[in-house]
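Just below is one structure, and these are the notes that go with it.
The values are calculated or read from the model by the stated rules, or taken from the named source; none is laboratory data. Since the model is a prediction, treat every value here as computed from it, not as a measurement. Ideal geometry is used to build each Cβ from the backbone, glycine not excepted, and the neighbour counts take in all protein chains shown.
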Amino acid sequence: MSSTPATPDGALPPFNPLADLSVVPALDSFLGAWLVGTFASATLQGVLFVQTYSYFRQYPNDPRFVKIWVLVVFLLELVMTILSMHSCYFYLVTNYLKIAALLSNIVWSMKIIPVLGGAVTLLTQIFLARRIYVLKRSFRLIALTAVLLTVGLFGEKFHFIWLIDSKFETATSPQPAASLSPYSCQWNEPSALSPERFSWLASASSCLILAADLMLTSAFIYFLRTNRSGMISKTNSLLDLLVLYAVSSGLVLCTVNILNAICALALPKTLAYSATSLVLTKLYSITFMVW
């Protein structure tokens, strides 16, 4: 950033917010991607509002633990949406044109979101795994394996926060110029943290949850198809509808997971994968509400 020349009497001239706009880095692939993801997740949050309201109206006699489960998932998603909006407001309004804010540590609300997203994914996968577990004895190993994979994803989210804090301390601690990391406070990176340091976590998380999705969805479809024959036509039609829903919802989740992994691997120096990650947790919650 260019230095501001002093006046003859030694005092600094009045601040001109337009003086150094030429050195402001492009934010399309960083805050732009995060903003798009926030818009999309806020839209899907409206779908969750309707689903939660409909659930409590239509199923008042469900077990209490199921109602608590639904409420916890809804509240976690609501908090995630609020935190995502807060981070956008922090960078784009409160710290508008303040380059130092882009070069400092990530705002606290943005750091909490991955853990909440992991918690939502874990809760939704455990619920589906529980249903697969009780359907057939031979499915129990599949259900337990899927839960373990999802727990691994949840652990990666905590590792993400640990990496942020440790890398920030390294980047901000006094060091000789020769020993500074090449990722510290460079204009081609909108923060003191390089997104490529963490993109592998996004791709690894997508691979873990993708494997769990394929296992659970395949087991559920297999159970429905093998129990179809010999039933009355109306029941068969209902089973066909369930199979169709399982295939379509599983296909959507798998597609977004693959897209998330591709964004993380192909665009590691950006936060393009953050947009798909924000949408992905909402899709899991919406699927959970339907099940």
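Here are a few things to note about the model shown:
- If you filter the stretch 75-101 down to residues that are under 21 Å from residue 117 (Cβ atoms) and in contact with a Phe, Trp or Tyr (Cβ under 8 Å, 6 or more places away or on another chain), you find that the one that is surrounded by the fewest Cβ atoms within 10 Å (Cβ to Cβ) is 88.
- Enumeration of residues in the stretch 101-139 that are out of contact with any helix residue (DSSP H, G or I) (no Cβ under 6 Å at 6 or more places or on another chain), hydroxyl-bearing (Ser, Thr, Tyr) and in contact (Cβ under 8 Å) with a residue 12 or more places away in the chain: 104
- Among the helices (runs of 4 or more DSSP H) confined to the stretch 197-291, the ones with at least 1 residues that are at pLDDT 75 or above, basic (Lys, Arg) and surrounded by fewer than 18 Cβ atoms within 10 Å (Cβ to Cβ) are located at 199-226.
- Scanning the stretch 102-131 for residues that are over 13 Å from the mean Cα position of the chain (by Cα), among the hydrophobic types (A, V, I, L, M, F, W, C), at pLDDT below 90 and surrounded by fewer than 22 Cβ atoms within 10 Å (Cβ to Cβ) gives 102, 103, 106, 107, 108.
- Of the residues making up the stretch 78-94, not a single one is in contact (Cβ under 8 Å) with a residue 24 or more places away in the chain, assigned to a loop (DSSP other than H, G, I, E, B) and within 25 Å of residue 153 (Cα to Cα).
- Identity of the residue in the stretch 42-74, charged (D, E, K, R) and surrounded by 13 or more Cβ atoms within 10 Å (Cβ to Cβ), that ends up nearest to residue 287 (Cα to Cα): 67
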